[in-house]
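Heads up: the structure comes next, in structure tokens.
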Amino acid sequence: MPIVVERIEGTPPYWSNCYLVRADAGSAAAVAVDPGGEARDVLAALAAAGLRVEGILVTHADVDHVAAVAELARATGAEVFAPAGEADALRRGTTRGGMRFTPYEPEHELSGGETIAVAGLEFEVVAVPGHSPGHLAFCAAGELFSGDLLFAGSVGRTDLEGGDFGALLDSVSGLLARFGPAATVYPGHGEPTTLAAELAHNPFLAKLREA
């Protein structure tokens, strides 16, 4: 039975995606991935569906992916799983661009290579630097939560501190090798896609098509 993924689109100007992920349609336990909009929107969605958050996964510590982490964690009691390389930003409440958000001390720091079990789901944790140095992706049952690494028709910007386009391409190539082209991608912004569709058509991945 496939996992269940609900997308909550954030507010302007970022329109970032938060995802509520469940093991199946009958489960009330959920994982929140990248709550970067308004915590009240996530809490309202949980209440409307009769769900409870048992874990919060963070792909990277840009403000549009972590702004609601502290409030959501404190409202639900859910533990936070964050990239070890970006945990200091979460603790400080300051992004690499100097934007402010409510700080939070994550309960768990991840570097990639781990498998974590939460809310009846198992997530493979993968280091995917490129958009940011400590960026992580999470994969459960072939469903890949890519943060700002890869979008439908685009990729994450690499002109901010710590960005590296070559590393980003290597990270996408690694996801293809590990999970295969059929993997669904739930990006940090925009609509879901697949690794196959992006390899075939994404203009930023031209070098991977030449390999």
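Out of all the residues in the range 49-68, is one or more modelled with pLDDT of 95 or more, under 14 Å from Tyr186 (Cβ atoms) and in contact with a Cys (Cβ under 8 Å, 6 or more places away or on another chain)? No: the range 49-68 contains no residue that is modelled with pLDDT of 95 or more, under 14 Å from Tyr186 (Cβ atoms) and in contact with a Cys (Cβ under 8 Å, 6 or more places away or on another chain). From the list Ala197, Ala206, the lone residue that is under 16 Å from Ser154 (Cβ atoms), assigned to a helix (DSSP H, G or I), in contact (Cβ under 8 Å) with a residue 12 or more places away in the chain and small (Gly, Ala, Ser) is Ala197. Of all the criteria given as (1) on the phi < 0 side of the Ramachandran plot; (2) of a type outside the set (A, V, I, L, M); (3) surrounded by 21 or more Cβ atoms within 10 Å (Cβ to Cβ), the one not satisfied by Gly130 is (1). Cβ-Cβ distances below 6 Å connect the following pairs, each with a first residue in the range 78-100 that is in contact (Cβ under 8 Å) with a residue 24 or more places away in the chain and surrounded by fewer than 16 Cβ atoms within 10 Å (Cβ to Cβ), a second residue that is part of a helix (DSSP H, G or I) and not acidic (Asp, Glu), and a separation of six or more residues or different chains: Met99/Val63. A single member of Leu43, Leu51 is under 20 Å from Ala141 (Cβ atoms) and surrounded by fewer than 23 Cβ atoms within 10 Å (Cβ to Cβ), and it is Leu51. Give the residues of the range 139-186 that are outside any helix (DSSP H, G or I) and aromatic (Phe, Trp, Tyr), sorted by residue number. Answer for the range 139-186, where residues must be outside any helix (DSSP H, G or I) and aromatic (Phe, Trp, Tyr): Phe145, Phe151, Tyr186.
Taken over the range 138-189, the residue count meeting the criterion of being basic (Lys, Arg) and either over 25 Å from Ala23 (Cβ atoms) or buried (at least 20 other Cβ atoms within 10 Å of the Cβ) (or both) is 1. Restricting attention to the range 15-27, the residues that are closer than 20 Å to Val80 by Cβ and surrounded by fewer than 18 Cβ atoms within 10 Å (Cβ to Cβ) add up to 0. Search the range 140-165 for residues that are closer than 21 Å to Glu86 by Cα and in contact (Cβ under 8 Å) with a residue 60 or more places away in the chain and pair each with any residue that is surrounded by fewer than 18 Cβ atoms within 10 Å (Cβ to Cβ) and among the small types (Gly, Ala, Ser) when their beta-carbon atoms are under 7 Å apart and the residues are at least 6 apart or on different chains. Sorted first by the residue in the range 140-165, then by its partner, the pairs are Leu160/Gly97. Applying a threshold of 7 Å to beta carbon distances and a minimum spacing of six or more residues, or different chains, the list of pairs starting in the range 22-44 at a residue that is at positive phi and ending at one that is surrounded by 16 or more Cβ atoms within 10 Å (Cβ to Cβ) and of a type in the set (Val, Ile, Thr) reads Asp34/Val58; Asp34/Thr59.
The values are calculated or read from the model by the stated rules, or taken from the named source; none is laboratory data. Bear in mind that the values here come from a model prediction, so they are computed numbers and not experimental data. Backbone-built Cβ (ideal geometry, glycine too); neighbour counts: all protein chains shown.
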